[in-house]
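Enquirer: Take a look at this one; I'll ask things after.
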Amino acid sequence: MLSLIRGGDGHPSHPPLTDVAIGSYTFAIAALMANKVGFEEAITAGAGFYALLLGLAATAAAVVTGFADYLLMENGTLLKKTATYHWTVMVCATVFFVATAWLLSDEYDRGDVSTIALVLGLVGYGLMSVGGWLGGAVVFKHGMRVVTDSESERRGS
């Protein structure tokens with residue numbers, strides 16, 4: 001079951017799910033900012049809110065797949081330490097996105113985006129950017145779930 005959640009060799013499940021979350025959060029923040037400058041308030045408030053919800057759903061799936069990878073990391077390694085920082089920062093970012101969505105749930109149908117909702121979303125986005133950088137280090141610096149050409153040839157994949 002764990003291997004099904006994690007994905008196959010060289011094709012992990014976690015990164016594509018994070019791409020959906022990052023794209024959704026990016027669109028959400030752009031929509032909220034557009035709303036605050038007066039661009040199509042009725043549309044941008046709702047679009048931002050629903051993009052946040054999509055991002056949160058993708059985040060939930062990314063947590064499951066990322067945790068499955070995390071369980072198999074060797075304790076005491078720089079890889080696991082970096083991954084721990086990654087998920088800690090990402091949990092903090094998610095808290096800010098949840099708070100933003102919660103505030104917007106009372107605002108978006110009126111075309112409103114409060115300044116506090118936008119600020120919380122921007123903080124979440126900043127944290128997500130740091131967490132994404134750490135996640136990139138897990139893959140590109142430490143090689144987590146990377147399969148080289150020689151490994152692929154040896155396996156016949």
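Enquirer: Among the numbered criteria (1) more than 14 Å from residue 128 (Cβ to Cβ); (2) at pLDDT 95 or above; (3) surrounded by 14 or more Cβ atoms within 10 Å (Cβ to Cβ), which single criterion is violated by residue 87?
Expert: (1)
Enquirer: Go through segment 111-142 and give me each residue that's without any contact (Cβ under 8 Å) to a residue 40 or more places away in the chain and not hydroxyl-bearing (Ser, Thr, Tyr).
Expert: 116, 119, 120, 123, 126, 127, 133, 136, 140
Enquirer: Right, another one. How many residues are part of a helix (DSSP H, G or I), buried (at least 19 other Cβ atoms within 10 Å of the Cβ) and among the β-branched types (Val, Ile, Thr) when one looks only at segment 100-134?
Expert: 1
Enquirer: Go through segment 58-81 residue by residue and tally those that are polar (S, T, N, Q), at pLDDT 95 or above and assigned to a helix (DSSP H, G or I).
Expert: Total meeting the criteria: 1.
Enquirer: Return the only residue of 93, 137 being in contact with a Gly (Cβ under 9 Å, 6 or more places away or on another chain), small (Gly, Ala, Ser), in a helix (DSSP H, G or I) and surrounded by 13 or more Cβ atoms within 10 Å (Cβ to Cβ).
Expert: From the options 93, 137, the qualifying one is 93.
Enquirer: Between 33, 73, which is within 14 Å of residue 117 (Cβ to Cβ) and over 13 Å from the mean Cα position of the chain (by Cα)? Let's see the steps before the verdict.
Expert: Details: 73 fails: within 14 Å of residue 117 (Cβ to Cβ).
After ruling out the rest, the residue left standing is 33.
Enquirer: Can you go through 29, 22 and tell me which one is over 17 Å from residue 135 (Cα atoms) and either outside any helix (DSSP H, G or I) or touching a residue at least 60 places away in the same chain (Cβ under 8 Å) (or both)?
Expert: Testing whether each residue is over 17 Å from residue 135 (Cα atoms) and either outside any helix (DSSP H, G or I) or touching a residue at least 60 places away in the same chain (Cβ under 8 Å) (or both) leaves just 29.
Enquirer: If you don't mind, another one. For residue 42, only one of the following conditions fails: (1) free of Cβ contacts under 8 Å to residues at least 40 places away in the same chain; (2) surrounded by fewer than 16 Cβ atoms within 10 Å (Cβ to Cβ); (3) in a helix (DSSP H, G or I). What is its number?
Expert: Unmet for residue 42, out of (1) free of Cβ contacts under 8 Å to residues at least 40 places away in the same chain; (2) surrounded by fewer than 16 Cβ atoms within 10 Å (Cβ to Cβ); (3) in a helix (DSSP H, G or I): (1).
The values are calculated or read from the model by the stated rules, or taken from the named source; none is laboratory data. The structure presented is a predicted model; accordingly, all values stated were derived computationally and were not measured. Here the Cβ is made from the backbone with ideal geometry for all residues, glycine too, and neighbour counts use every protein chain on show.
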